[in-house]
Amino acid sequence: MSIFEYNGSALIAMVGKNCFAIASDRRLGVQLQTVATDFKRINQVHDRLFIGLSGLATDAQTLYQRLMFRHKLYQLREERDMKPETFASLVSAILYEKRFGPYFCQPVIAGLSDEDRPFICTMDSIGAKELAKDFVVAGTASESLYGACEAMFKPDMEAEELFEIVSQALLSSVDRDCLSGWGGHVFVVTPTEVKERILKGRMD
Amino acid sequence: MTKQHANWSPYDNNGGSCVAIAGANYCVIAADTRMSTGYSILTRDYSKICKLADKAVLASSGFQADVKALQKHLAAKHLIYQHQHNKQMSCPAMAQLLSNTLYYKRFFPYYAFNVLGGLDSEGKGCVFTYDAVGSYERVGYSSQGSGSTLIIPFLDNQLKSPSPLLLPAVDAVTPLSEAEAIDLVKTVFASATERDIYTGDRLEIVVLNADGTRYEYMELRKD
Amino acid sequence: MSQAAIDVPKGGFSFDLCRRNDMLAKKGVQQPSYRKTGTTIVGLIFQDGVILGADTRATEGPIVCDKNCEKIHYMAPNIYCCGAGTAADTEAVTDMVSSQLQLHRYHTGRESRVVTALTLLKKHLFSYQGHVSAALVLGGVDVTGPHLHTIYPHGSTDTLPFATMGSGSLAAMSIFESKYKEGLTRDEGIKLVTEAICSGIFNDLGSGSNVDVCVITKGHKEYLRNHLSPTPRTYVSAKDYTFSKKTEVLLTKIIPLTEKVEVIEAGDAMEE
């Protein structure tokens, strides 16, 4: 077994026109046994910046706490929020620091820049950044998600269409993965608002 | 001293993906034509699809040496069947034969992942999907091979099969027309080729319907 | 030392999870796979400088995780470096050395030399005994002329007129070995590099997508990002697909975002 499959997860972020969506499943398991069905893998860093952490849940939470600590220090020192690009570099540096004893965590970062330009990014567990223009995925269902997104993605979607595509891709992918599922948690971020939705999915 | 075992394996994986979709009066079977090992391409034009009978077409990925042996074995069995019964084997019969053939080698399996598509006695499309040791199931659509994990979710999304637990039993065939099914197959292969390194080069599509068999080809990415 | 100083490290690797991860490994947990750049990277010396080339595919096992990544990294204004191997390592090692070079330039006020970059890279890689798995093609033009080097993960280096690295290196080298000659012109050089990368793209499954080229001459450089895209997607359905069932939403929460308030500094500063 790979340690990434211990808790199970599915994460996806997708870009639309001046907006983005980031979504995850809601299952927390210990191998094949489901422990929680309302687990949160996506965290809000500031108003327009989100980070989802797939992989081992204990590392995800530890890493999240360290990241928030660093972000708060930045806010105090600079009196402003971090740009998504800056935050991605911070995550990458923190992960690469543990190159030879990594956090078992694959992050997905999504944010809107000050000019309302969407930014999405994923990394492996040692901080190799991948900046994509369309969508990024992570977790145990990543292969299924790649297939679904590759077939469904369209450029320049409006917020509502983006939500539907992300939700459909997420739900059809986690249904083919034993280790993730139990509905979904979707954030759609536009320049004016954050829409958080909880999706109904198969409960098995 | 512990016994040293040779680090030799009788199996290889030649990659590639197969898809089959059954409709009300047709069946579409498709596979890419890339054969590879490790990081190298052995050939860009190797058909994974084998027409076993008039109304039964087999697409298999996995280890192509085993696949070839399996196809030859099935063809021989089919020839004997024709001599004995003076007719072509039906697709469900071929499905059972394939299952038996695979299970016969339960402890030294054929490293082959099969999808069998065809038309049943009523002319309805049928798809059978297998594991390497002969467990099989009749379904409305299926995918096997290196890109199957990428392909299946989108097929699920578009063709959502009814639960097998429903009473009365609901037909598993897909509601699409033949042209729509071919379009869907092309889309899923173009998508899988983007992300799966073992799928690519060319797509071979076989369409079975009342008129007979038709072959179609489409180019895929070659990187 | 305060707690904050411990949590915000100055630099270097941290090994505090190694024991836990070893414990997990001993319990039979598989070690994770990292993102690799399967990669074809090449470089050659032509009549007025150096040309570097790379494909743009990053893979994780059999899956392509980035279709258009950048493998030609900036080292200095006159030096670039192609990276193959574990993506995080190539990225980190080139970033680190490029910042050391920048500091060195501030210190000396002179243009960086390729051998300086080479020494910094090989020193780092050698000290990690191959565990930092970066295979590099380093090229640049300095006061002593054009230079091209390859650096292996263990820290050994080569100095060559033409070089290839990565999983597609054999495919690319076959092109170089049959067509390279001394004193190529710029256009011939770009053509040859592109052909070598294409050979990797088509014949090596670890390499793919587009060709990036970087031409460095005395006092000038040209980064040709996506110089060639030899493999576009082959099919996009003409009709828009639809979803038979809309997703069912259990709960919606809308958080309006406040407009960013611009604070305009008043004319007089507050007096203490």
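The values are calculated or read from the model by the stated rules, or taken from the named source; none is laboratory data. Just so you know, these numbers come straight off a predicted model, no measurement behind them. Cβ: placed from backbone, ideal geometry, glycine included. Neighbour counts: every protein chain shown.
Does segment A:105-117 hold any residues that are buried (at least 24 other Cβ atoms within 10 Å of the Cβ) and of a type outside the set (A, V, I, L, M), and which are they? Scanning segment A:105-117 gives A:CYS105, A:GLN106, A:PRO107, A:GLY111. Here A:ILE120 clears all of (1) crowded, with 24+ Cβ neighbours inside 10 Å; (2) of a type in the set (A, V, I, L, M); (3) within 11 Å of another protein chain (Cβ to nearest Cβ); (4) within 14 Å of the chain's Cα centre (by Cα) except the condition numbered (3). Any residue in segment A:77-91 that is within 14 Å of the chain's Cα centre (by Cα), within 24 Å of C:GLY83 (Cα to Cα), within 14 Å of chain B (Cβ to nearest Cβ) and of a type in the set (A, V, I, L, M)? No, segment A:77-91 has no match at all. With a requirement of 1 or more residues that are over 30 Å from C:CYS18 (Cβ atoms), the strands (runs of 3 or more DSSP E) lying completely within segment A:72-153 that satisfy it span A:105-112, A:118-123, A:135-139.
Residue pairs, Cβ under 7 Å, 6 or more apart or interchain, first in segment C:217-232 and within 14 Å of another protein chain (Cβ to nearest Cβ) and in a strand (DSSP E or B), second among the hydroxyl-bearing types (Ser, Thr, Tyr) and surrounded by 13 or more Cβ atoms within 10 Å (Cβ to Cβ). List them. Cβ pairs passing all conditions: C:LEU228/C:THR194.
The residues of segment C:199-226 that are surrounded by fewer than 17 Cβ atoms within 10 Å (Cβ to Cβ) and over 15 Å from the mean Cα position of the chain (by Cα), listed by number, are C:LYS218, C:GLY219, C:HIS220, C:GLU222. For segment C:65-117, residues that are of a type in the set (A, V, I, L, M, F, W, C), within 18 Å of C:GLY166 (Cα to Cα) and in contact with a His (Cβ under 8 Å, 6 or more places away or on another chain) total 3.
Can you list the strands (runs of 3 or more DSSP E) lying wholly within segment A:1-52 that have 1 or more residues being crowded, with 24+ Cβ neighbours inside 10 Å? Can you show your working first?
Working: elements: A:10-15, A:20-25, A:28-30, A:33-36, A:42-46.
By residue number, A:10-15, A:20-25.
Residues that are in contact with a Phe, Trp or Tyr (Cβ under 9 Å, 6 or more places away or on another chain) and at pLDDT below 95 within segment C:65-85 comprise just one, C:CYS65. Taken over segment C:42-70, the criterion of being facing chain A (nearest Cβ under 9 Å) and either at positive phi or in a strand (DSSP E or B) (or both) is satisfied by C:ALA58, C:GLU60, C:ILE63, C:VAL64, C:CYS65, C:ASP66. For segment B:106-163, filtered to residues that are hydroxyl-bearing (Ser, Thr, Tyr) and part of a strand (DSSP E or B), the residue that is surrounded by the fewest Cβ atoms within 10 Å (Cβ to Cβ) is B:TYR136. Kindly indicate whether any position in segment A:152-170 is within 19 Å of A:TYR6 (Cα to Cα), among the β-branched types (Val, Ile, Thr) and in contact (Cβ under 8 Å) with a residue 12 or more places away in the chain. Looking for residues that are within 19 Å of A:TYR6 (Cα to Cα), among the β-branched types (Val, Ile, Thr) and in contact (Cβ under 8 Å) with a residue 12 or more places away in the chain, one finds none in segment A:152-170, hence no.
Of all the numbered requirements in (1) surrounded by fewer than 17 Cβ atoms within 10 Å (Cβ to Cβ); (2) in contact with a Gly (Cβ under 9 Å, 6 or more places away or on another chain), A:THR62 misses one, and that requirement is (2).
So, in segment B:180-222, of the ones that are in a loop (DSSP other than H, G, I, E, B) and in contact with a strand residue (DSSP E or B) (Cβ under 9 Å, 6 or more places away or on another chain), which residue ends up surrounded by the fewest Cβ atoms within 10 Å (Cβ to Cβ)? Restricting to residues being in a loop (DSSP other than H, G, I, E, B) and in contact with a strand residue (DSSP E or B) (Cβ under 9 Å, 6 or more places away or on another chain), the top hit is B:ALA210. Taking A:PHE50 as the residue in question, decide whether it is free of Cβ contacts under 8 Å to residues at least 60 places away in the same chain and either farther than 22 Å from C:CYS65 by Cα or more than 10 Å from chain C (Cβ to nearest Cβ) (or both). The answer is no for A:PHE50.
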